[in-house]
Amino acid sequence: MRASIQKAAVAGGRFFGAAAQIGYINAERDLYNAFMRDCGCLTPEIDLKWATNEPSPGTFDFRAMDGLARFASRAGMRLRGHTPVWHRSIPPWAEAALADADWRPVGRYIATTLRRFPAVEEWDVVNEPIDTGRRMDGLRDSPFLQAFGPGYIQRALEEARAHAPRARLMINEFGLEYDTPEHRDRRYLLLKLVERLKRVDAPLDGVGLQSHLKLGYGPFSQPQFAAFLRDLAQFGVAITLTELDVKEEAYAAPAEARDQAVADAVRAYLDVAFAEPSVGGLLCWGLSDRHSWLDITDEDWSRHAGAWKSGEGPGFNRGAPLDAAMRPKPMYRAILQAFAQAPRR
Ligand code: XIL
């Protein structure tokens, strides 16, 4: 029998999945097979975001998400919902409504999505609410905050609860992993936000840690990250690693060295994470380098000036478990082994 990450995850009482786009799954047999083999959970990479689904007020287009939900249901996979309230996916028409402090469009989008997809077990109700260096409470100065004040997170959670009484309602955040001043601040601010939400009895069931690792950033401290997870777990919240992938740094190195660096970072991260019993599952932000949102940027190219002959280059960023030809890389085996060797929960 071929290895399957989901099987290894389930054996330890956890789950594994990935962000997906149904168009690619339907069009690419090898990608479809990879999802079927490795995933027990799917989340839409794009198809539940507000700007994608409500092009004009009250007009919805859920064709893509309906397709993904149907695929998940037939394959027996669970669904994570991502994400109704996010400052980066506000339809242009709604910006005006938000500027008038009109909650109704926000409430309608939460109601419509949560009711339409009752199979979703976990919702990132609010995505990326934290920002450093702006406000003492650490909240991002988003259109939602500007319109409704800091209470918008609680309000979104309460309305979500009314429409999805059995789902796990979460907030989801990035930039929490490393032992840098910035990430340390972000960890602290997230803990304070969870503390405040719990104190006012907001229906917060869990916290999503995006887990976008970056090889050029760091260092990563296992003891510090373990302490953060313990502090978070003490609020009684479930924790899901929601968007694991790895942005590379040294693109001119041989592919084997690049892949090993990615795998080592993932293994160090997952070993601490899976030692915390509140961490119930992991999703990668895409299964394969073929469709990863992580691009090699102009900045990356300029750092490597002269490294390649013209017409050649580093190929894809190699920060997903499968390469662009759907072959498992060391990162794939790192995830598999981290699940297989983690304590049972
Ligand atoms: C990204 C998608 O991968 C892209 O395809 C899209 O263009 C923008 O959003 N954090 C999140 C995700 O919570 O929703 C983002 O997904 C990646 C960063």
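The values are calculated or read from the model by the stated rules, or taken from the named source; none is laboratory data. Because the structure is a prediction, the values reported are computed rather than measured. Reconstructed Cβ throughout: ideal geometry from the backbone, glycine too, with neighbour counts over all protein chains shown.
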Of the conditions (1) in a helix (DSSP H, G or I); (2) within 16 Å of the ligand (Cβ to nearest atom), the single one that Arg155 does not satisfy is (2)
Return only the number of the condition from (1) out of contact with any Phe, Trp or Tyr (no Cβ under 6 Å at 6 or more places or on another chain); (2) away from the ligand (no atom under 16 Å from the Cβ); (3) basic (Lys, Arg); (4) farther than 24 Å from Arg14 by Cα that Arg230 does not satisfy. (4)
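Okay, residues lined up against (1) surrounded by fewer than 19 Cβ atoms within 10 Å (Cβ to Cβ); (2) among the acidic types (Asp, Glu):
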| residue | (1), (2) |
| --- | --- |
| Ala111 | yes, no |
| Arg116 | yes, no |
| Gly138 | no, no |
| Gln146 | yes, no |
| Asp185 | yes, yes |
Can you confirm whether Pro150 is surrounded by fewer than 16 Cβ atoms within 10 Å (Cβ to Cβ), within 29 Å of Pro44 (Cβ to Cβ) and modelled with pLDDT of 95 or more? yes
Filter region 236-263 down to the residues that are crowded, with 16+ Cβ neighbours inside 10 Å and more than 24 Å from Thr297 (Cα to Cα) and list them by number. Val237, Ala238, Ile239, Thr240, Leu241
Can you give me the number of residues within region 204-234 that are crowded, with 16+ Cβ neighbours inside 10 Å and within 23 Å of Val126 (Cβ to Cβ)? 15
Here is a check on your reading of the model: is Ala18 assigned to a helix (DSSP H, G or I), out of contact with any His (no Cβ under 6 Å at 6 or more places or on another chain) and small (Gly, Ala, Ser)? no
Among the candidates Asn33, Asn53, single out the residue that is within 16 Å of the ligand (Cβ to nearest atom) and of a type outside the set (A, V, I, L, M, F, W, C). Asn53
Has region 52-66 got at least one residue that is in contact with a His (Cβ under 8 Å, 6 or more places away or on another chain) and not charged (D, E, K, R)? no
Count of region 176-217 residues which are outside any strand (DSSP E or B), in contact with an Asp or Glu (Cβ under 7 Å, 6 or more places away or on another chain) and within 22 Å of Ala320 (Cα to Cα): 4
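Got a sec? Which of Ala34, Ala51 is in a helix (DSSP H, G or I), in contact (Cβ under 8 Å) with a residue 12 or more places away in the chain, aliphatic (A, V, I, L, M) and surrounded by fewer than 17 Cβ atoms within 10 Å (Cβ to Cβ)?
Sole residue among the options that is in a helix (DSSP H, G or I), in contact (Cβ under 8 Å) with a residue 12 or more places away in the chain, aliphatic (A, V, I, L, M) and surrounded by fewer than 17 Cβ atoms within 10 Å (Cβ to Cβ): Ala51.
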